[in-house]
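Worksheet for the structure shown next.
The values are calculated or read from the model by the stated rules, or taken from the named source; none is laboratory data. Note that the structure is a prediction, hence the values are computed from the model and not measured. So basically every Cβ, Gly included, is an ideal-geometry build from the backbone, and we count neighbours across all protein chains shown. Ligands, DNA and RNA are excluded from the accessible area calculation, which covers all protein heavy atoms including side chains. Shrake-Rupley method; radii C 1.70, N 1.55, O 1.52, S 1.80 Å.
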Amino acid sequence: MRAAIIHVMADAAVSVLVIVGLLLARLFGWMWMDPLAGIVGACVIASWSYGLIRDTGAILLDVNPDRRLAQRMRETLETDGDTVADLHLWRLGPGHLGAIVAVKTAQPRDGGYYRERLVGFPSVSHLTVEVIPVGAEA
């Protein structure tokens with residue numbers, strides 16, 4: 001959706017820029033305005049494209065979408081000697097994240113305990129919790 005909006009906006013901006021350049025060339029004889037409008041338009045499109053490719057690439061490569069949220073989740077879970085062995089966040093859609101968490105603990109706790117601890121993170125729409133009892137690692 002974002003790509004379609006950026007494409008339409010870029011087309012509209014470049015079209016307006018080209019029309020202004022042609023009008024200035026005709027009214028004042030500034031023949032250099034048409035190529036200048038094309039160069040400026042190309043720079044505008046390149047800039048918007050770079051941002052779109054950077055953001056899309058991060059999503060496709062499963063880059064952690066929110067490092068501060070991951071750190072807050074880790075701090076919320078690491079109490080009473082529990083440690084987070086693995087925490088993976090990924091974007092499911094606008095405002096929705098998925099998470100897989102593996103917690104090492106010496107306490108007899110199940111995944112429900114850790115789910116309750118993470119209730120305060122409303123942007124995490126899909127959560128998988130793995131509990132690893134200390135001493136059970138292979």
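Structure notes:
- Euclidean distance of C-alpha centroids, segment 1-26 and segment 41-109, integer Å: 35 Å
- Dmax and Rg, reported as Rg then Dmax, of the chain (C-alpha, Å): 25.3, 83
- Taking amide H positions as modeled 1.01 Å from N, with prolines and chain starts lacking one, the residues under 5 Å from L92 and 5 or more places away or on another chain are L97, G98.
- Backbone HN-Hα couplings from phi across segment 39-53 [Karplus 6.51/-1.76/1.60, Hz, Gly and Pro as x]: 5, 4, x, 5, 5, 4, 5, 4, 5, 5, 5, 4, x, 5, 5
- Estimated FRET transfer efficiency when R0 is 41 angstrom, pair T83-I6 (beta carbons, to 0.05): 0.45
- Average accessible surface area per residue within segment 1-128, 1.4 Å rolling probe, Å²: 67 Å²
- Here the Karplus curve 6.51 cos²θ - 1.76 cosθ + 1.60, taken at θ = phi - 60°, turns the phi angles of segment 80-87 into couplings of 6, x, 6, 10, 7, 7, 8, 9 Hz, with x standing for Gly and Pro.
- Whole-percent carbon and sulfur share, accessible surface of the chain, 1.4 Å: 64 percent
- For segment 94-138, alpha-carbon Rg relative to the globular expectation (2.2 N^0.38 Å, N residues): 1.28
- Ranking H7, A58, L77 by Cα position along the charge dipole of the chain, where only Lys, Arg, Asp and Glu carry charges on their C-beta atoms, puts H7 farthest toward the positive end.
- Distance-filtered residues of segment 33-77 - backbone nitrogen under 15 Å, label point 7 angstrom along V20 Cα→Cβ: 33-45
- Taken about its Cα centre, segment 1-88 carries a charge dipole of roughly 560 debye when the Cβ of each Lys and Arg holds +1 and the Cβ of each Asp and Glu holds -1.
- Using the Karplus relation 6.51 cos²θ - 1.76 cosθ + 1.60 with θ = phi - 60°, the per-residue 3J(HN,Hα) values for segment 10-18 come to 5, 4, 5, 5, 5, 4, 4, 4, 5 Hz, with x marking Gly and Pro.
- Considering only beta bridges that DSSP places wholly inside the chain, some 50 percent are antiparallel.
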